[in-house]
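See below for the structure under consideration.
The values are calculated or read from the model by the stated rules, or taken from the named source; none is laboratory data. Keep in mind that what you see is a predicted model, and the values were worked out from it rather than measured. Glycine also receives a Cβ, built like all others from the backbone with ideal geometry; neighbour counts cover every protein chain displayed.
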């Protein structure tokens with residue numbers, strides 16, 4: 001199940017409309033719709049807003065129960081998987097720093113590939 005499908009499923013389980021979720025997250029209705037329909041991959045900050053609004057951990061959106069081959073539809077390296085497994089027991093501040101670091105690297109790569 002893709003991340004957008006999980007978000008839609010959880011939103012519906014909580015009896016929330018897209019408008020409700022948009023109001024809770026301060027995201028636009030179209031952004032939520034695009035994510036749920038797989039047209040847009042959510043940034044980590046967006047995932048944090050969605051998880052907070054849905055009252056679930058971000059890991060539930062990422063579905064830690066899936067195999068280690070993909071996360072958000074992207075192939076992962078064994079080294080990254082092991083690093084993330086080690087990191088999951090770190091304090092929130094450390095996890096936020098890791099997320100920021102990953103975002104910096106990804107933004108750098110996106111700029112390089114333009």
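Conditions tested, residue by residue: (1) farther than 14 Å from residue 55 by Cα; (2) assigned to a loop (DSSP other than H, G, I, E, B).
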{"residue": "12", "(1), (2)": "no, no"}
{"residue": "15", "(1), (2)": "no, yes"}
{"residue": "19", "(1), (2)": "yes, no"}
{"residue": "27", "(1), (2)": "yes, yes"}
{"residue": "32", "(1), (2)": "yes, no"}
{"residue": "38", "(1), (2)": "yes, yes"}
{"residue": "42", "(1), (2)": "yes, yes"}
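Sort out which residues of region 2-48 are at positive phi and under 14 Å from the mean Cα position of the chain (by Cα), and write them in order of number.
Within region 2-48, just 38 meets the criteria.
Could we say that residue 56 is more than 16 Å from residue 35 (Cα to Cα), part of a loop (DSSP other than H, G, I, E, B) and modelled with pLDDT of 75 or more here? Here the answer is yes, as residue 56 does meet what is asked. Selection of region 7-48 for residues being without any contact (Cβ under 8 Å) to a residue 60 or more places away in the chain and closer than 21 Å to residue 84 by Cα yields 41, 42, 44, 45, 46, 47, 48. I'd like to know if region 83-97 contains one or more residues that are in contact with a helix residue (DSSP H, G or I) (Cβ under 8 Å, 6 or more places away or on another chain), at pLDDT below 85, within 23 Å of residue 37 (Cα to Cα) and surrounded by 11 or more Cβ atoms within 10 Å (Cβ to Cβ). Looking through region 83-97, none of the residues is in contact with a helix residue (DSSP H, G or I) (Cβ under 8 Å, 6 or more places away or on another chain), at pLDDT below 85, within 23 Å of residue 37 (Cα to Cα) and surrounded by 11 or more Cβ atoms within 10 Å (Cβ to Cβ).
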